[in-house]
Amino acid sequence: MSKPIVLKRGLDIPVKGAADLVISKTIVPDVVAVCPSDYRGLNPRLLVKEGDAVRAGSPVLADKKNPEILVTSPVSGTVAEFVRGEKRRLLAVRIALDAAQQYEDFSHSGALDADGVRDLLLRSGLWTALVQRPYGIVADPAVKPKAIFVSAFDTAPLAPDFEFTLGGEMNAIQAAVDALALLTDGKVHVSVNSSESAFCKLKGVVLHSLEGPHPAGNVGVQISHISPIRKGETVWTVSPAALACIGRLLMKGRVDLRRKVAVTGSMAIETCYVQTLPGMPMSCLRPFVGTNEDSVRIVSGNILSGKNAGIEGYLGAWDTQVTILKEGTEPELLGWIRPLRFRQFSADRSYFSWLTPWKRYDLDTNLHGGPRAFVMSDAYYRRVLPMDIYPLYLVKACLAGDIDKMESHGIYEVLPEDLALCEFVDPSKNPIQAIVSDGIDLMMKEMA
Amino acid sequence: MNKIFEKGGKLYWLHSTVDAFETFLHVPGTVTRKGGHLRDCIDLKRIMILMVIAAAPAALFGMWNVGLQHALATGADTSFWPTVLPFFWYGFLKVLPLYVVAYAVGLGIEFAFAQIRHEEVNEGYLVTGFLIPLIVPVNIPLWMLAVAVAFSVLFCKEVFGGTGMNIWNPALVARAFLFFSYPKEMSGSDCWISLGSEEALVDGFTGATPLALEGSAQYGTGFWDLFIGTVPGSVGETSVIAILLGAAIILWTGIASWKVMVSSVAGALLVGWIGQTAGFTEVPFYTQLLLGGFAFGTVFMATDPVTSAQTETGKWIYGFLIGALCVTVRLFNPGYAEGMMLAILFGNTMAPLIDHCVVSVHIKRKERKSYEY
């Protein structure tokens, strides 16, 4: 392992509700949903009809542009319903589970070559776990990436502990890493935050060690320190949880997406891990929410970049965390003018959170202010972004829709999640992640 | 908010105003809709009020100093303890109308424009309105102040899109407007001292600022007088010690950049030293930091995050430019000795260019950087 990369800039938001390292239960839902919006860049075409029987690994959706890319069912059962939104846009395919699970057979004999691996991943639907940068879209099978990056730790607030959730699956992860290494001309890079990590035992990868506060665990930040993405270059990233699924596919020949999901957040009755499936309805988590269903927000993913699923929503396809937060709809009398405000957290020195670094806060979703134009200078945002870019310049380039400026200010290197902390600390309350996301959409349209 | 203030209601034209007062009293129950689900509890109201708190010592001292200068000019008793409150009260009554006019005119325009744009009222003017009376002579006619404030808010801020979009510091633009439109009222030796119509000056007193006198034989121009601030000048600019108190607050909270302040001081010292060594002036170079509006401008005006340079390297250049230019004007322009206002406005103008160069160099360097993988 090379010398540790120490990141100074960043911020660990001290919020209450980290998951205890126990698996409290196994949730087998009655129904799971396959949601096209979980796969960025995918333009879905339905491959099933209502009432069709599917097995775990049967294709459900295909990409219109690139029909090789399939999204498959995580379970065996019957296609129950298509949920559609405005203009009949497909929101979810609901699949009712069979009592006994059956799996499509993806077993292979002998060692696979690059084409074999690509074909296997595409057929099984696990290809969608490969995220292509720039833009953070489902990887293009025709591309050979410069390298593949894996972040083996998560620094996001209340993030799951990969040692706990995946420590027992290192054989599968090794198999997945070996297979993915065939798909790139470069190396597979794995970043860890401690030399004790189970991921340090992986063979055939380049290990990097990173230290520092969030977003040190974001793979985008790691890439920018290891080998930044330049114009025309492509890299892939894959999450450790997805690696375990790919490993199981390679070793057992079946699509088995079961995973440990951390249930976190200050409003969770019990913070722990559950064993469940992607696409699980959030209503299965009612025992963790209790009676105050209306006053909480259920987020699939972490506080900073997760999706507001709500009790009617579903666990995201590759999410390994659910955060249950209090909705901050209560007005706070004389909030901003009160000198102390001990219950609130601020990274700014004009409050006094810096005096109590050990304290954990019970934060709600209140915006704590109204939208304003950017007032603070770039450095105010840069102190939470350990990348070699000027965040405010990038955001303003995105707002202006200026392709050249976005390019030179580093749009290829970032995803919205990388600037999530800039959004958190912004006193002007701008939707920075949405702005960057729109910028990325514009880039994809213009550069296509 | 009451329905009649909402869109379609009878009093919708008051929406932004009501919203401003409502959000002043309590943080509304708005929740995050896009992106991250939690937000820092910092907002612009908090930042702006801290700026006001930081400028308050200079304002309070300025009020007392107005009373003191009045007493000095009329030959009244100036021993400290018996007079401290009467002096302050005298100054308070003189400065209060300036505040009333600055806030009434400025906020009126801000509220109107917020309503026209269907936006919330931005808090930026809370600071601008607090600073404007501190950088004008106490004797300024109120109508002139009103015109200047209206000009600066309209043409320096609203036409660009409001707080956060402006190129120049609005408070300084108001002062510049006064200076170029009404030079008689803004310079010389009459405007800095508040005098009643019946009152006469004592013999030998001149109300000119120490800067205009270049440290010549006026009482109250020694180092400590300048440092404490018991000299004629704009209301809030004289006391370096009160300004340093404010500087401590905004530096600690990180609202202002220490880089701008340090480099501005460095620029002034360097040019002041060159000037002194080369014989352009007899003023000791360190005295340049105490004279005129240098301290006030460096702490409260040059560091304005909207109009200063954005990049860290840029801030060093920007601050240095302001400090150096200010003293250069003092050395070579005997007609108008105070260079700080124009130096900062020039710095504001150059800031985007400085940033552009810094960012371009950064991008070039980044492209050339090589990595192992």
Evaluate E = 1/(1 + (r/R0)^6) for A:T26 and B:H118, where r is the Cβ-Cβ distance and R0 equals 56 Å; express this FRET efficiency to the nearest 0.05. 0.60
Using 7 Å Cα-to-Cβ label points, what is the B:N2/B:F160 separation (nm, one decimal)? 3.7
Expressed as a rounded percentage, what relative contact order does chain B have, with Cα pairs under 8 Å and six or more residues apart? 16
For A:S24, the accessible surface traced by a 1.4 Å probe with all protein chains present amounts, in square angstrom to the nearest 10, to 50
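Quick one: dipole size for the stretch A:19-154, taken about the Cα centre, charges +1 on Lys/Arg Cβ and -1 on Asp/Glu Cβ, in debye to the nearest 20. Display every interim value, and only then the final one.
On the way: 17 positive and 17 negative charges, 128 e Å.
With Lys and Arg at +1 and Asp and Glu at -1, about 620 debye.
Which order do A:D294, B:D190, A:D98 take when ranked by solvent-accessible area (1.4 Å probe, heavy atoms of all protein chains), largest first? Each step should come with its number before you reach the end.
Details: A:D294 150, B:D190 115, A:D98 55 Å².
Highest to lowest solvent-accessible surface, that is A:D294, B:D190, A:D98.
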Express the carbon and sulfur contribution to the solvent-accessible surface of the stretch B:240-373 as a percent, rounded to the nearest whole number, probe 1.4 angstrom. 71
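Which value, in debye to the nearest 20, gives the size of the charge dipole of the stretch A:378-447 about its Cα centre, when Lys and Arg are +1 and Asp and Glu are -1 at the Cβ? Numbers along the way, then the final one.
Working: 6 positive and 13 negative charges, 52 e Å.
Dipole about the Cα centre, nearest 20: 260 debye.
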In the stretch A:336-372, the residues losing 50 Å² or more of accessible area (1.4 Å probe, heavy atoms of protein chains only) relative to their chain alone are A:W336, A:R349, A:S350, A:L367, A:H368, A:R372
For chain B, with a Gaussian network of springs between Cα atoms less than 10 Å apart, report the residue from B:L107, B:L251, B:L134 with the top mean-square fluctuation. B:L251
What does the accessible area per residue of the protein assembly as shown come to in Å², with a 1.4 Å probe and no ligands, DNA or RNA counted? 41
Within the stretch B:102-118, the residues whose backbone N lies under 20 Å from a label point placed 7 Å from the Cα of B:W13 along the Cα-to-Cβ direction are B:105-118
Give, ordered by residue number, each residue of the stretch A:398-446 whose 1.4 Å probe accessible area is reduced by a minimum of 10 Å² on adding the remaining protein chains to the chain alone. A:S408, A:H409, A:E413, A:E423, A:F424, A:V425, A:P427, A:K429, A:P431, A:Q433, A:A434
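Under the 0.36 nm per residue contour assumption, what length would be gained going from the current alpha-carbon distance of B:T277 and B:Y336 to full extension?
Numbers: separation 59, 0.36 × 59 = 21.24 nm, distance 2.21 nm.
Taking B:T277 through B:Y336 to full extension adds about 19.0 nm, to one decimal.
Taking R0 as 51 Å, what FRET efficiency do you get between B:K366 and A:R343 from their Cβ-Cβ distance, rounded to the nearest 0.05? Display every interim value, and only then the final one.
Details: r = 42 Å, r/R0 = 0.82.
After rounding, the FRET efficiency stands at 0.75.
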Among A:F164, B:W64, B:M48, which residue has its Cα furthest toward the positive end of the charge dipole of the protein assembly as shown, with +1 on Lys/Arg Cβ and -1 on Asp/Glu Cβ? A:F164
Considering only B:T17, B:T303, B:T277, give the residue with the highest GNM mean-square fluctuation for chain B, with springs between Cα atoms whenever their separation is below 10 Å. B:T277
Buried accessible surface, B vs A, both sides, probe 1.4 Å, in Å² to 100, equals 5800
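For A:D388 and A:K87 in one chain, what is 0.36 nm times their gap in residues minus the Cα-Cα distance, to one decimal in nm? Before the final figure, lay out each step's value.
Values: separation 301, 0.36 × 301 = 108.36 nm, distance 4.13 nm.
Answer, rounded to one decimal: 104.2 nm.
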Taking the simple approach of a point 7 Å from Cα along Cα-to-Cβ for both B:D77 and A:E330, what is their distance in nm? 5.7
Among B:K184, B:K259, B:K94, whose mean-square fluctuation peaks in a Gaussian network model of chain B (Cα, cutoff 10 Å)? B:K184
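Are there DSSP H segments in chain B that both extend 20 Å or more along their axis (alpha-carbon positions) and score a mean Kyte-Doolittle hydropathy of at least 0.0? List them, or say none.
Numbers: long enough: B:44-74 (44 Å, 1.27); B:80-116 (52 Å, 1.34); B:258-278 (30 Å, 1.12); B:312-332 (30 Å, 1.05); B:340-368 (40 Å, 0.51).
Counting only whole DSSP H runs, the qualifying helices are B:44-74, B:80-116, B:258-278, B:312-332, B:340-368.
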Place +1 on the Cβ of every Lys and Arg and -1 on the Cβ of every Asp and Glu in the stretch B:278-373, take the dipole about the Cα centre, and give the residue among B:V359, B:N348, B:T281 whose Cα lies farthest towards its positive end. B:V359
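Got a number for carbon plus sulfur as a percent of chain A's accessible area, 1.4 Å probe? Intermediate results must be reported in sequence, preceding the final value.
Working: 8840 of 17450 Å².
Here carbon and sulfur together make up 51 percent of the probe-accessible area.
The values are calculated or read from the model by the stated rules, or taken from the named source; none is laboratory data. Every value quoted in this text rests on a predicted model; they were computed, and no experiment measured them. So basically every Cβ, Gly included, is an ideal-geometry build from the backbone, and we count neighbours across all protein chains shown. Quick note on the areas: whole protein, heavy atoms, side chains included, nothing else; ligands and nucleic acids left out. Shrake-Rupley method; radii C 1.70, N 1.55, O 1.52, S 1.80 Å.
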